[in-house]
Structures are given as structure tokens and as C-alpha cells.
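Reading through the C-alpha cells given below for one structure.
The values are calculated or read from the model by the stated rules, or taken from the named source; none is laboratory data. Just so we're clear, the structure is a prediction, and the values are computed from it rather than from any experiment. Here the Cβ is made from the backbone with ideal geometry for all residues, glycine too, and neighbour counts use every protein chain on show.
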Amino acid sequence: SPNKNCKRLFTVCIEGNIGSGKTTFLNNFKANDNMLVLQEPVELWRDVGGTNLLEKMYKDPVRYGCLFQSYVQLTMLQLHTQKTNLPFKVMERSVYSARCFIENMKRTKMLEKVEIDILEQWHEWCIQRADIQTDLIVYLRTSPEVVYERMRTRARKEEDCVSLEYLRQVHDVHDDWLYNRSLFSVPAPVMVLDANKSVSEMMAEFEKCRRSIFENRDKLIME
Ligand SMILES: Cc1cc2cn([C@H]3C[C@H](O)[C@@H](CO)O3)c(=O)nc2[nH]1
């Protein structure tokens with residue numbers, strides 16, 4: 001049944017590098033009772049029937065990169081297709097940014113051609129056949145040096161071997177996709193925010209973003 005104001009669901013995906021402030025930004029949306037807020041299912045990736053697949057991927061990306069990304073794809077697809085009667089859904093990352101991480105593994109030769117082919121076929125099927133309507137992408141754009149410091153401070157144990165060089169690579173793929181628009185097609189309008197700012201300065205950015213989502217929802221929805 002359509003949500004209470006009889007308009008179709010409006011979906012926002014928050015994208016950005018590791019440490020770009022997505023979770024903090026996303027948590028602000030939880031204050032709205034008309035939004036389904038879906039954080040990245042990292043806890044699932046850390047415990048796949050007792051296996052910490054995130055840790056294994058970072059320790060041995062050649063051996064576990066493909067398996068990890070295929071599980072990420074499944075868990076993201078589950079979130080994209082999660083039904084709600086609420087008018088808004090806000091997700092942390094997406095099957096689109098999953099493709100960015102796969103692209104980076106391709107660029108850095110972590111994946112064999114056959115692994116890339118299978119992951120891309122899965123991705124293509126998701127895009128063609130699954131209902132993953134996206135209406136707005138919010139890109140928390142950062143510099144690799146800034147997110148490197150934040151990542152070190154946050155000290156997620158699986159990331160303790162992540163280098164600044166890796167963050168530069170992930171940044172470049174996100175920038176090619178969402179800023180330079182020179183990589184994959186962009187499935188929705190993009191709002192680029194300067195996420196190098198402090199948490200308090202980001203609150204103002206968040207407020208602007210939240211207001212423009214509500215005010216421009218009708219305009220932003222592409223029929
Ligand atoms: C869609 C998608 C999210 C995602 C996260 N990650 C990693 C980056 C961080 O270290 C951790 C949580 O975002 O998982 C990844 O390697 N590949 C991914 N693909």
C-alpha cells in the first residue's frame with residue numbers, strides 16, 4: 001500500500017570514502033520519524049556464520065576480495081529491496097558504490113578477470129531486475145589525508161592495515177564516479193558536500209541537505 005501521503009518512496013544514498021562521516025551524517029536522519037534509515041551492514045560482514053569476512057578481505061584481498069564483494073552485494077540488495085510504508089529511505093552506500101570498490105580491486109589487480117566478470121554480471125542483474133530505485137545521492141566528498149586521520153582515530157581493528165594510498169585509490173574511484181562523472185552512469189541527481197569540515201560544521205550542511213530533500217522532493221523525483 002502506498003505510504004500515507006500517497007507518493008512513491010523517495011530513496012537517498014549517502015556515499016563517500018572510508019571515514020568521510022557517512023554514519024554520523026546518516027544518524028541525523030534518524031530524528032525524522034518518516035524515514036527508514038539503513039546503515040551499512042558492516043556487522044554482517046564481520047560475522048558470516050562466525051567468520052569475520054571483512055577482516056579476511058583486508059588481510060588477504062586476493063583470496064577474499066571477490067567473496068567479500070559478492071556478500072556485500074547481497075546484503076546491500078537486501079537493504080535496497082526492504083519494503084517500507086514510510087515516505088523516505090536513507091541508505092549508507094549502495095550497490096552503486098559496491099561497483100566502485102570492485103572497480104578499485106580491478107585497478108589494483110586484486111581480482112582475476114573471471115571474478116570481475118561474475119561480480120559485474122551480478123551487478124548488472126541487480127540494476128536491471130531488482131527494484132533499487134534511487135532518487136538522490138549525497139556525496140560526502142573528502143580528501144584522503146583527512147579521512148586517513150579520522151580512520152586512524154576511529155581505529156576499527158579490521159582497518160588497522162589500511163594505507164593512505166588505499167584511501168587515495170578509493171577516493172579517486174568515488175570522484176571519477178560522482179564528481180568527474182567519467183566512470184559509471186550516475187543513477188540520480190548528486191548533492192556534493194564538503195565533508196572535510198568538522199562535525200559541527202557538517203550539522204549546517206546536514207540541515208541544508210535535509211531541507212532540500214523535503215522541499216525539492218517532488219522536483220527531485222524523476223518520473
Ligand atoms: C558497497 C560497499 C561498501 C563497502 C565497504 N568496504 C569496506 C570499507 C570499510 O573498511 C568497511 C566499512 O565500510 O568496509 C568495502 O571494502 N567494500 C564495500 N562495498
When the residues of the range 163-208 are narrowed to those that are among the hydroxyl-bearing types (Ser, Thr, Tyr) and away from the ligand (no atom under 16 Å from the Cβ), which ends up farthest from Ser97 (Cα to Cα)? Ser200
Do you know which residues across the range 126-145 are away from the ligand (no atom under 16 Å from the Cβ) and in a helix (DSSP H, G or I)? Gln128, Arg129, Glu145
Single match in Leu136, Leu119, Leu86, Leu77 (criterion: buried (at least 21 other Cβ atoms within 10 Å of the Cβ) and either touching a residue at least 60 places away in the same chain (Cβ under 8 Å) or closer than 30 Å to Lys30 by Cα (or both)): Leu136
Residue list for the range 167-211, filter: in a helix (DSSP H, G or I), exposed (fewer than 15 other Cβ atoms within 10 Å of the Cβ) and in contact with a Leu (Cβ under 9 Å, 6 or more places away or on another chain): Lys208
Single unsatisfied condition, Ser97 versus (1) under 16 Å from His171 (Cα atoms); (2) more than 12 Å from the ligand (Cβ to nearest atom): (2)
Residues in the range 63-84 that are more than 9 Å from the ligand (Cβ to nearest atom) and out of contact with any Lys or Arg (no Cβ under 7 Å at 6 or more places or on another chain): how many? 14
Please go through the range 102-115 and pick out each residue that is in a helix (DSSP H, G or I), away from the ligand (no atom under 12 Å from the Cβ) and either under 17 Å from Asp60 (Cα atoms) or in contact with a Cys (Cβ under 7 Å, 6 or more places away or on another chain) (or both). Lys106, Arg107, Glu115
If I ask for residues that are buried (at least 19 other Cβ atoms within 10 Å of the Cβ) and near the ligand (Cβ under 10 Å from one of its atoms), which ones from the range 30-46 would you list? Glu40, Trp45
Near pairs, Cβ below 8 angstrom, 6+ apart or cross-chain, from the range 15-36 (more than 17 Å from Ser143 (Cβ to Cβ)) to any residue that is assigned to a loop (DSSP other than H, G, I, E, B) and among the hydroxyl-bearing types (Ser, Thr, Tyr): Leu36/Thr84
For the range 55-62, does any single residue satisfy the condition of being touching a strand residue (DSSP E or B) at 6+ places or on another chain (Cβ under 8 Å), modelled with pLDDT of 95 or more and near the ligand (Cβ under 7 Å from one of its atoms)? no
Within the range 101-109, identify whether any single residue is under 22 Å from Val37 (Cα atoms) and free of Cβ contacts under 8 Å to residues at least 24 places away in the same chain, and answer yes or no. no
Please enumerate the residues belonging to the range 101-129 that are basic (Lys, Arg) and within 19 Å of Leu77 (Cα to Cα). Arg129
